[in-house]
Amino acid sequence: MLEHRGAGIKKKEVMASKFNLQKTLPALVIIFILLLVPFFRAWKDARVCEFSGITMGTYYRVQLVGCRLSKMEMATLKYDIDGILAQVNKEMSDYDPQSEISLFNKSLTSVPFNVSSGFVKVVSFALMVAEKSRGAFDPTVGPLVDLWGFGSGVGSEGVPSVAEIQKRKDQIGYTHLSVRNGEIQKDIPGLRLALGAIAKGYGVDCVADLLRERGMENFLVDIGGELVASGHNSRGLPWHISVEVPTPGAGVGDGSYEIIDLSGCAIATSGDYRNYRMEQTKTYSHIIDPRTGWPISNMVASVSVIAGDCMTADALATALMVMGAEEGMGLLSQFPETEAMFIIHDGEGYVDRRSPGFHKYLSVR
Ligand code: AMP
Ligand code: MG
């Protein structure tokens with residue numbers, strides 16, 4: 001009897017706990033899901049989509065943080081990015097014989113030449129930098145770049161003669177080039193354009209604009225080391241960018257000279273350490289001083305420029321390589337919101353010169 005009563009109580013207890021569980025289980029599940037939501041959100045916000053390919057003789061890479069694109073949408077976006085870069089090449093690559101720049105270079109007349117709006121924008125900006133740098137940067141330097149063996153044309157065997165250099169110098173000069181009403185014009189027939197010092201930066205800006213138009217905020221666009229960093233990285237922090245040690249022949253990622261934190265701006269680096277030529281024991285840089293006709297020999301190993309857009313950073317980095325730190329700081333001060341770091345050969349090592357606001361970008365991590 002007792003046992004029976006006991007069994008009755010036990011049964012009641014089991015039923016009661018079953019009843020409670022039935023009641024509380026859905027609530028527990030909801031609480032559990034609610035607890036998971038922030039983790040799921042964080043996971044989605046940190047999801048990175050990557051695109052890469054080849055353009056302008058180098059690589060491109062795009063990283064999108066907080067990417068919610070389906071496979072199909074990603075393929076479409078990659079197609080659009082490739083299309084934009086193909087368009088920049090069609091306008092500004094002198095390796096494509098049918099590009100706008102090649103057709104302009106081949107034309108031997110002073111008749112105004114109609115080109116795309118992107119091309120006009122880049123040439124106008126290049127002319128502005130040429131003027132402000134008093135010819136240290138010159139988008140018509142192509143014949144000299146070729147002569148020294150760094151262009152699309154045939155270079156000289158060995159070191160060119162003084163007469164050859166002078167002949168090429170007579171074929172160049174940004175003052176012989178003008179832009180008017182969407183057209184460009186040369187006033188000496190042999191004048192040619194070379195936009196290798198600025199086109200990559202412009203390409204980076206074009207891709208960044210496309211991403212912003214599509215509502216993306218957190219991304220990194222990189223064409224051969226010229227970058228636009230927008231918003232934050234996958235850890236919710238500014239993008240962590242390495243400025244390389246400018247060791248001759250070094251590969252990408254061989255060592256950091258400095259680490260920069262960037263968000264909402266661009267950085268471009270120009271250097272003598274990856275593209276150079278050796279004649280006997282002497283090295284010749286691919287960056288030419290149009291004022292002398294010779295490759296630069298001012299001990300500047302690399303210049304990194306931070307600016308609001310990558311076209312500005314790219315053009316200024318090349319201009320500052322030619323000008324060196326003393327003269328270059330004066331040019332930099334004419335461009336608002338720009339900073340630069342010069343890494344200069346010093347015996348076996350390096351010293352650096354930084355513009356006053358450069359330290360704001362140094363990584364504190
Ligand atoms: P970057 O790597 O951006 O400094 O561009 C270097 C390229 O710009 C060279 O390979 C040349 O095609 C071209 N270049 C060389 N010297 C100059 C110069 N003084 N002004 C403008 N473009 C130059
Ligand atoms: Mg450049």
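In summary, strands (runs of 3 or more DSSP E) completely within the stretch 174-286 and bearing 1 or more residues that are within 15 Å of ligand 1 (Cβ to nearest atom), of a type in the set (Ser, Thr, Tyr) and touching a Gly at 6+ places or on another chain (Cβ under 7 Å) occur at 265-271.
Which residues, taken from the stretch 61-85, are free of Cβ contacts under 8 Å to residues at least 12 places away in the same chain and within 30 Å of Val123 (Cβ to Cβ)?
At the first step, the residues of the stretch 61-85 found to be free of Cβ contacts under 8 Å to residues at least 12 places away in the same chain are 70-73, 75-76, 79, 83.
Result: Tyr79, Gly83.
Within the stretch 153-178, the set of residues being under 27 Å from the mean Cα position of the chain (by Cα) and buried (at least 19 other Cβ atoms within 10 Å of the Cβ) comprises Tyr174, Leu177. Residues being surrounded by 19 or more Cβ atoms within 10 Å (Cβ to Cβ), more than 22 Å from Ala199 (Cβ to Cβ) and modelled with pLDDT of 95 or more are entirely absent from the stretch 269-286. Taken residue by residue, the stretch 246-261 has no member that is within 15 Å of ligand 2 (Cβ to nearest atom) and modelled with pLDDT of 95 or more.
For every residue, the table says whether it meets (1) within 11 Å of ligand 2 (Cβ to nearest atom); (2) within 15 Å of Asp80 (Cβ to Cβ); (3) over 18 Å from the mean Cα position of the chain (by Cα).
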| residue | (1), (2), (3) |
| --- | --- |
| Arg180 | no, no, yes |
| Gly201 | yes, no, no |
| Ala208 | no, yes, no |
| Gly215 | no, yes, yes |
| Leu220 | no, no, no |
| Gly225 | yes, no, no |
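When Ser124 is tested against (1) farther than 15 Å from Ile172 by Cα; (2) among the hydroxyl-bearing types (Ser, Thr, Tyr); (3) in contact with a strand residue (DSSP E or B) (Cβ under 7 Å, 6 or more places away or on another chain); (4) within 16 Å of ligand 2 (Cβ to nearest atom), exactly one condition is not met: (4). A residue that is more than 16 Å from ligand 2 (Cβ to nearest atom) and under 26 Å from Asp146 (Cα atoms) occurs somewhere in the stretch 299-311.
Filtering the stretch 119-146 to residues that are near ligand 1 (Cβ under 9 Å from one of its atoms) and under 20 Å from the mean Cα position of the chain (by Cα) leaves Ala126, Val129, Phe137, Pro139.
Within the stretch 110-148, take every residue that is touching a Pro at 6+ places or on another chain (Cβ under 9 Å) and of a type in the set (Gly, Ala, Ser) and give me the one that is farthest from Lys200 (Cα to Cα).
Initially, the stretch 110-148 is screened for residues touching a Pro at 6+ places or on another chain (Cβ under 9 Å), giving 110, 122-123, 126-127, 129-130, 135-138, 140-141, 144, 147-148.
In the following step, the residues that additionally are of a type in the set (Gly, Ala, Ser) were identified as 110, 126, 130, 135-136.
Details: Ser110: 28, Ala126: 13, Ala130: 18, Gly135: 21, Ala136: 19 Å.
Of everything passing the filter in the stretch 110-148, Ser110 is farthest from Lys200 (Cα to Cα).
Among the residues of the stretch 286-302, are any in contact with a strand residue (DSSP E or B) (Cβ under 6 Å, 6 or more places away or on another chain) and either basic (Lys, Arg) or at positive phi (or both)? Looking through the stretch 286-302, at least one residue is in contact with a strand residue (DSSP E or B) (Cβ under 6 Å, 6 or more places away or on another chain) and either basic (Lys, Arg) or at positive phi (or both). With respect to being in a helix (DSSP H, G or I), polar (S, T, N, Q) and under 29 Å from Gly324 (Cβ atoms), Ser156 falls outside the description.
Can you name every residue in the stretch 320-365 that is surrounded by 18 or more Cβ atoms within 10 Å (Cβ to Cβ), free of Cβ contacts under 8 Å to residues at least 60 places away in the same chain and assigned to a helix (DSSP H, G or I)? Result: Leu320, Met321, Gly324, Ala325, Gly328, Leu332, Phe358.
The values are calculated or read from the model by the stated rules, or taken from the named source; none is laboratory data. Fair warning: this is a prediction, and the values are worked out from it, not measured in the lab. In this analysis, Cβ positions are derived from the backbone assuming ideal geometry, glycine residues included, and neighbour counts consider all displayed protein chains.
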